[in-house]
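Below is one structure, written out as structure tokens; the observations come after it.
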Amino acid sequence: MTIVIAFHQSGYQDFKTYYIYFVYRYLTNKFPELVSYTRMLKLMKYVLVPLFSYLTHRQVRPIGIAFVYSSKLQVYHTLHIPLHLGFEEMVK
């Protein structure tokens, strides 16, 4: 589970590259019984439930600020079109 969590924080695009080129090279001293990549893929299905539990427990409480960008708003009255601001106009 530690390797999977570290992968999500690593910035690597795919797990295979991360496991073969980073874990095998730099983390063999931290994980002395490191398994092969194909064996790791088979073992990852057993990590799903504990990982979900961990991530749910670590979830930060929302602070009440959220930015949602929608590309198009439907306007029922054409008089109100100039009143709708997109995110770019709000930031300026």
statement: Within segment 2-49, the residues that are open to solvent by 70 Å² or more (accessible area, probe 1.4 Å) and in contact with a helix residue (DSSP H, G or I) (Cβ under 6 Å, 6 or more places away or on another chain) are Tyr12
- request: Note down all Cβ pairs under 8 Å where the first residue falls in segment 34-58 and is in contact (Cβ under 8 Å) with a residue 40 or more places away in the chain, the second is in a helix (DSSP H, G or I), and they're at least six residues apart or on different chains.
  value: Met44/Val4; Val47/Val4; Leu51/Val4; Leu51/Ile5; Tyr54/Ile5
message: Tell me which helices (runs of 4 or more DSSP H) are completely within segment 1-50 and hold 1 or more residues being of a type in the set (A, V, I, L, M), or say none if there are none.
response: 2-10, 37-43
- prompt: Just checking, how many residues over segment 27-51 are of a type in the set (A, V, I, L, M), farther than 14 Å from Ala6 by Cα and at pLDDT 85 or above?
  reply: 6
Residues satisfying the stated conditions in segment 36-55, i.e. under 16 Å from Tyr19 (Cα atoms) and small (Gly, Ala, Ser): Ser36
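The values are calculated or read from the model by the stated rules, or taken from the named source; none is laboratory data. Since we're looking at a predicted model, the values are computed, not measured. We place every Cβ from the backbone using ideal geometry, glycine too, and count neighbours over all the protein chains shown. When the accessible area is computed, the model is the full protein with side chains, heavy atoms only, and any ligands, DNA or RNA have been set aside. Shrake-Rupley method; radii C 1.70, N 1.55, O 1.52, S 1.80 Å.
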